1. If only one of 103, 156 is touching a helix residue (DSSP H, G or I) at 6+ places or on another chain (Cβ under 9 Å), assigned by TED's automatic domain parsing to the domain that holds residue 35 and at pLDDT 95 or above, which one is it?
2. Quick one: would you say residue 227 is at pLDDT 95 or above and closer than 15 Å to residue 117 by Cβ?
3. When the residues of the stretch 68-91 are filtered to those that are surrounded by 20 or more Cβ atoms within 10 Å (Cβ to Cβ) and part of a helix (DSSP H, G or I), which remaining residue is modelled with the lowest pLDDT?
4. Consider residue 208 against the criteria (1) over 14 Å from residue 147 (Cβ atoms); (2) over 17 Å from the mean Cα position of the chain (by Cα): it satisfies all of them except one. Which criterion is unmet?
5. Counting only residues that are part of a loop (DSSP other than H, G, I, E, B) and closer than 16 Å to residue 6 by Cα, which one in the stretch 104-119 is nearest to the chain's Cα centre (by Cα)?
6. Take the residues in the stretch 154-170 that are under 20 Å from the mean Cα position of the chain (by Cα) and over 14 Å from residue 202 (Cβ atoms); name whichever of them is surrounded by the most Cβ atoms within 10 Å (Cβ to Cβ).
7. Would you check which residues across the stretch 129-142 are touching a strand residue (DSSP E or B) at 6+ places or on another chain (Cβ under 7 Å) and under 17 Å from residue 293 (Cβ atoms) and list them?
8. Look through the stretch 267-291, keep the residues that are in a helix (DSSP H, G or I) and touching a strand residue (DSSP E or B) at 6+ places or on another chain (Cβ under 9 Å), and return whichever of them is nearest to residue 176 (Cα to Cα).
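The values are calculated or read from the model by the stated rules, or taken from the named source; none is laboratory data. It should be emphasised that the depicted structure is a prediction, and the values quoted were computed from it without experimental measurement. Counting neighbours? That spans all protein chains shown, and the Cβs are built from the backbone with ideal geometry, glycine included.
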């Protein structure tokens, strides 16, 4: 029996929950926890009715922190939303208070699974989860730049009219404004991306990847469906023990931070992070991105 607990049933949490209900996966039980008790009861009922149309029948219920005891994954989606005109780092102190309350409660249980974090500023909140939970770092995972990498592949696919499945390129670093694309390792099929994309193309694509979330938020108030599917793919990689490579937010011992980098995922969480060969400019960009994360962590008010 595989159990997933979602803490925070707003737009992101429920997009993730709905994705789990309608896709093929190994989740047997889905628990919803939210400060709004009536809403979460209604969400559980609504999802249960939706699940009737899927052969993968998941038991869904509104629960509480005691349900974390034997959970395989606890996904934290709770937190204050990113408002129009607000950066991810603006959220830091508001969401630190939220996480401290949540993880304090989970620490009272026997939860020994994997933390999956989806709240912004993502890399910092994943680091906070690691520190507050006292879990081993490989069992605390952030959604990282998985969504950013999906956006990247979609943009290249549209530009070149090829399937995103044949584009092997990543966004790494902070899930935020300092993220970047190591174009030197980007491949279209078996060929280097620079065979098809000009320097101007690459700059435009990076700009669109970085600003996609802001554009969506300006138009509809939030981003939810893309991250919901990304969380489902991460969940499947864990529960299927598939050793899939995804750019989750993973712990870097040398710098004592989390940031998005290609990592192998399985039942243990992060099996290992992969070495990505970078040129000098890309190494400088990664250092800048890591410094941005460190600076944000330094602003936490405990």
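1. Exactly one residue qualifies, and that residue is 103.
2. It is true that residue 227 is at pLDDT 95 or above and closer than 15 Å to residue 117 by Cβ.
3. Step by step, filter the stretch 68-91, then rank; the result is 88.
4. In the conditions (1) over 14 Å from residue 147 (Cβ atoms); (2) over 17 Å from the mean Cα position of the chain (by Cα), residue 208 misses (1) alone.
5. 118
6. 154
7. 129, 130, 137, 140, 141, 142
8. Here the residue is 289.
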